[in-house]
Amino acid sequence: MFKINDNYLKLPGSYLFSTIAKKVAAYGEAHPDAQIIRLGIGDVTQPLAPAIIDALHGAVDEMADAKTFHGYAPDLGYEFLRNAIAKNDYQDRGCDISADEIFVSDGAKCDSGNIQEIFSVDNKIAVCDPVYPVYVDTNVMAGRTGVYDPAAGTWSDVIYMPCTAENNFTPELPKETPDIIYLCFPNNPTGTTITKDQLQVWVDYANKVGAVIIYDAAYEAYISEEDVPHSVYECEGARTCAIELHSFSKNAGFTGTRLGYTVIPKDLKCGDVMLHSLWARRHGTKYNGAPYIIQKAGEAVYSEAGKAQLKEQVAYYMKNAKVIYEGLKEAGHTVFGGVNAPYIWLKTPDKMTSWEFFDYLLEKANVVGTPGSGFGPSGEGYFRLTAFGSYENTVAAIERIKHL
Ligand SMILES: *Cc1c(COP(=O)(O)O)cnc(C)c1O
């Protein structure tokens, strides 16, 4: 008789966004005339930029001709894309990362979920609280997190690093020493970030205690302030302690197109074993490469035209962020984020719980956001709105909230 991986059964409740979708669907059925505005899930809404569309068309045509047809992609990604990434995202910023340390994939969610399998099940993970749920849930599936405490919403073998208004949403070094530290800046869900000096403290700490930092830079393109690092490799010593995850989803609208990459420097070792070798082996065995067409589209992200167009696209969303941030402030809310990230994180008013505020906004304003408690116990009492809607919807939603 087969047995299942019963770690899956330990996962509590259903995925946050399916719960939200069910609530919104139920409300919509009961109120068919309601004009619901969704500022909940972190999905982009603007079309792919023209430079990317051109690259896609060109690549599709290549696939139609035997002379230019492409079959399986190289396991770790096409050289043209890895070179463009190494140059634009790293070398031009003074980061010492080479093309052969870059692993192209179909997205950062998959990589952030899969990366844990090259580590022993005995490793202890540390996560920010609130946190992008994928980091924790994939470690639950692997059997690395111990026992769940439903009342506290925490796992016995996970180190939680609370990020709240009290510490300016910056995690403090944990008292208990972790083996793997997940960091995401600019942060989803709080929309806040840390300075380069603050990140350097984490890099120094990881090197000192022999931990690995898994640094999720999915929102790097939204950074507007000078002293905020675009990459963990801007910090000295990061080559021996940090893995970095990138996505084309938020900077270039690839949420449905699917492309991302992971960086593992060759200096990152456990004894004399390079993590780079393990991930290369994993990629080669379990993954057959992101599609050629999509990697060509990814290359266009780094073209002059692509860069200019995407700068505008990011500016479009950040204009929404400003509308949300300032509108909520005017309405008397306590608001965070929205300056270096497309997320606004607000304190729920009148001591409402996150889900109470969710229901209140849905019913009174027909606006959908995301309850902070869905991202971890320290998210209770907070609420996330995204800047990924259309400008018109964003303005309309904030007007409704102002008039509550
Ligand atoms: C959106 C997001 C990603 C990107 O995931 P993709 O799979 O590349 O679409 C990664 N990490 C965080 C924290 C995100 O919010």
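Bear in mind these aren't lab numbers, they're just calculated from the coordinates by the rules spelled out. The model shown is predicted, which means the values in this text are computed figures rather than measured ones. Don't worry about glycine lacking a Cβ; one is built from the backbone with ideal geometry, like all the others, and counts go over all protein chains shown.
Summing Lys and Arg as +1 and Asp and Glu as -1 over all other residues whose Cβ lies under 12 Å from the Cβ of Asp204 gives a net charge of -1. Its convex hull of Cα atoms gives region 1-70 a direction-averaged projected area, equal to a quarter of the hull surface, of 11.3 nm². Values of log10 I(q)/I(0) for region 298-346 across q = 0.21, 0.27 Å⁻¹ run -0.69, -0.89, by the Debye formula with one identical scatterer at each alpha carbon and no solvent. For the chain, list the DSSP H helices whose alpha carbon atoms reach 18 Å or more along the long axis and whose average Kyte-Doolittle value is -1.0 or above? Span-like helices, by this rule, are 16-30, 50-63, 196-209, 304-330.
Counted residue by residue at 0.36 nm each, then reduced by the alpha carbon distance between them, the extension gain from Asp100 to Asp204 reaches 34.9 nm.
Kirkwood hydrodynamic radius computed over region 265-356 comes to 17.8 Å, based on all pairs of distinct alpha carbons. Of the residues Val301, Val201, the one with the fewest other Cβ atoms within 10 Å heads the list, and the complete ranking is Val201, Val301.
I need the Debye-formula profile for region 54-117: one equal scatterer per C-alpha, no solvent, reported as log10 I(q)/I(0) at q = 0.13, 0.16, 0.17, 0.18 1/Å, two decimals. Summing over Cα pairs of region 54-117 leads to -0.50, -0.72, -0.79, -0.85.
Were the residues from Lys364 through Ala331 laid out at 0.36 nm apart, the gain over their Cα-Cα distance would be 10.4 nm.
May I ask you to derive the FRET efficiency for Asn88 and Phe2 from their Cβ-Cβ distance with R0 = 60 Å, giving the value to the nearest 0.05? That gives a FRET efficiency of 0.80. Sorted fewest first by neighbouring Cβ atoms within 10 angstrom, Met161, Met1 come out as Met1, Met161. Spread over its residues, the convex hull of the C-alpha atoms of region 119-235 is 109 Å³ per residue. Every pair of different Cα atoms in region 1-159 enters the Kirkwood calculation, which places the hydrodynamic radius at 20.5 Å. At q = 0.06 Å⁻¹, what is the base-10 log of I(q)/I(0) for the chain according to the Debye formula with one equal point scatterer per Cα and no solvent? Please give it to two decimals. Each listed q maps to, in turn, -0.24. Taken along its principal axes, the alpha carbon cloud of region 221-272 reaches lengths of 39, 28, 9 Å, longest axis first. When the chain is treated as a GNM with alpha-carbon contacts under 10 Å, the residue of Arg384, Arg93, Arg144 showing the greatest mean-square fluctuation is Arg93. When the C-alpha to C-alpha distance is required to be over 27 Å, the pairs from Lys196/Lys286; Lys109/Lys266; Lys10/Lys351; Lys296/Lys319; Lys124/Lys286 that qualify are Lys196/Lys286; Lys10/Lys351; Lys296/Lys319. The GNM of the chain, with springs linking C-alpha atoms under 10 angstrom apart, assigns the highest mean-square fluctuation among Thr348, Thr68, Thr195 to Thr68. On the basis of the beta-carbon distance and an R0 of 60 Å, Lys175 and Lys67 show a calculated FRET efficiency of 0.45. The sum of -39500 (n - 2.57) across all DSSP H runs of n ≥ 4, divided by the residue count of the chain, sets its helix-only mean residue ellipticity at 222 nm to -11000 deg cm²/dmol. A simple spin-label model places pseudo-atoms 7 Å from Cα toward Cβ; at Ala26 and Glu304 they are separated by 5.6 nm.
Seen from Arg258, the other residues with C-beta closer than 10 Å to its C-beta sum to a net charge of 0, counting Lys and Arg as +1 and Asp and Glu as -1.
Averaged over residues, the count of other Cβ atoms within 10 Å places the peptides 118-128, 248-258 in the sequence 248-258, 118-128, highest first.
As a calculated quantity, the FRET efficiency between Asp350 and Asp122 at R0 = 56 Å, using C-beta atoms, amounts to about 0.80.
Put in line by how crowded their Cβ is, counting other Cβ atoms within 10 Å and starting with the fewest, His230, His283, His246, His31 read His31, His230, His283, His246.
Positive-end ranking of Gln313, Tyr391, Asn340 along the dipole of the chain, with charges on Cβ about the Cα centre, is headed by Tyr391.
Mean-square fluctuation check for the chain, GNM, Cα pairs under 10 Å: which of Thr334, Thr19, Thr262 is largest? The residue that fluctuates most here is Thr19.
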